[in-house]
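J.: Mind having a look at this structure? Questions to follow.
The values are calculated or read from the model by the stated rules, or taken from the named source; none is laboratory data. Keep in mind that what you see is a predicted model, and the values were worked out from it rather than measured. A quick note on method: Cβ atoms are made from the backbone with ideal geometry, for glycine too, and the neighbour counts reach across all protein chains shown. These area figures cover heavy atoms from the full protein model, side chains too; ligands, DNA and RNA do not enter into them. Shrake-Rupley method; radii C 1.70, N 1.55, O 1.52, S 1.80 Å.
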Amino acid sequence: MKNPLDSISGTIVSGLVLTVILYVFAINFLR
Amino acid sequence: MELILIRSLHIVAGIAWIGLLYYFNLVQTPGLAAAKADGTAAGITKHIAPRALLWFRWAAVVTWLAGAIYLERGNIGFLNAFLLQGAAAPIGLGAWLGTIMLFNVWVVIWPAQKKVLGLVPADDAEKAGAARRAFLASRTNTMLSIPLIFFMVAGPHGLPKVF
């Protein structure tokens, strides 16, 4: 499997996915 | 007044840090590959990259320190943020991401770049390994900068529930 960090677009998509995951974590478990 | 200055320093140094991170990823890395192909890379590796790395790594330190001081002197609390307590949780997530990124800068990227740029002795195999390590750490930081900025901005403005 290709490393998504090898491309700028893969890096941005990975960052957006991580943002959503952390957001859901923060909303549901940190309040 | 003191808090405004510290917060401003945190923001300006953060722009310098992340701005240079984006410069490395969007401009220098692809530019250097093209320059190597036509034999003009020396100008970048000798004159541009060391200066960019100097501002990059020290801007990271200033950003983190100013952020840490702001957390403690403001009404958030350094420990509250890093322990993700209550209202400090969003900015705390940002603080953790920034701390991981600072670690990447000083423990992975800078030592690897010193080998790549010939500032410390390394053979060709070591340089190739260091270049890949620096590249992936730099890309990791670019990826982390997206949630970092989200939570840094979300912190003072609350974290609205959209799902």
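J.: Listed residues B:135, B:78, B:150; which is within 30 Å of residue B:3 (Cα to Cα) and out of contact with any Leu (no Cβ under 7 Å at 6 or more places or on another chain)?
T.: Result: B:150 is the single residue among B:135, B:78, B:150 that is within 30 Å of residue B:3 (Cα to Cα) and out of contact with any Leu (no Cβ under 7 Å at 6 or more places or on another chain).
J.: Still on this structure, please answer the following. May I ask you to list the residues in the stretch A:13-31 that are within 7 Å of chain B (Cβ to nearest Cβ) and either assigned to a helix (DSSP H, G or I) or under 20 Å from residue B:141 (Cβ atoms) (or both)?
T.: Scanning the stretch A:13-31 gives A:14, A:15, A:16, A:18, A:19, A:22, A:24, A:26, A:27.
J.: May I ask you to list the residues in the stretch B:36-79 that are under 23 Å from residue B:113 (Cβ atoms) and open to solvent by less than 20 Å² (accessible area, probe 1.4 Å)?
T.: Hits for the stretch B:36-79 are B:41, B:49, B:52, B:53, B:56, B:59, B:60, B:63.
J.: Sticking with this one: Looking only at residues in the stretch B:80-136 that are crowded, with 18+ Cβ neighbours inside 10 Å and among the polar types (S, T, N, Q), which one is farthest from residue A:11 (Cα to Cα)?
T.: That would be B:80.
J.: Here's something else I'd like to know. Name the one entry in B:88, B:42 that is over 22 Å from residue A:7 (Cα atoms) and more than 14 Å from chain A (Cβ to nearest Cβ).
T.: B:42
J.: Let me ask something additional. If residue B:159 meets every condition in (1) within 12 Å of another protein chain (Cβ to nearest Cβ); (2) in a helix (DSSP H, G or I); (3) in contact (Cβ under 8 Å) with a residue 40 or more places away in the chain apart from one, which number is that one?
T.: With respect to (1) within 12 Å of another protein chain (Cβ to nearest Cβ); (2) in a helix (DSSP H, G or I); (3) in contact (Cβ under 8 Å) with a residue 40 or more places away in the chain, residue B:159 is out only on (2).
J.: Could you figure out which of (1) closer than 25 Å to residue A:30 by Cα; (2) out of contact with any His (no Cβ under 8 Å at 6 or more places or on another chain); (3) assigned to a helix (DSSP H, G or I) isn't true of residue B:75?
T.: The one condition residue B:75 does not meet is (3).
J.: Could we say that residue B:7 is more than 14 Å from chain A (Cβ to nearest Cβ), in contact with a helix residue (DSSP H, G or I) (Cβ under 8 Å, 6 or more places away or on another chain) and either surrounded by fewer than 16 Cβ atoms within 10 Å (Cβ to Cβ) or outside any loop (DSSP other than H, G, I, E, B) (or both) here?
T.: In short, yes.
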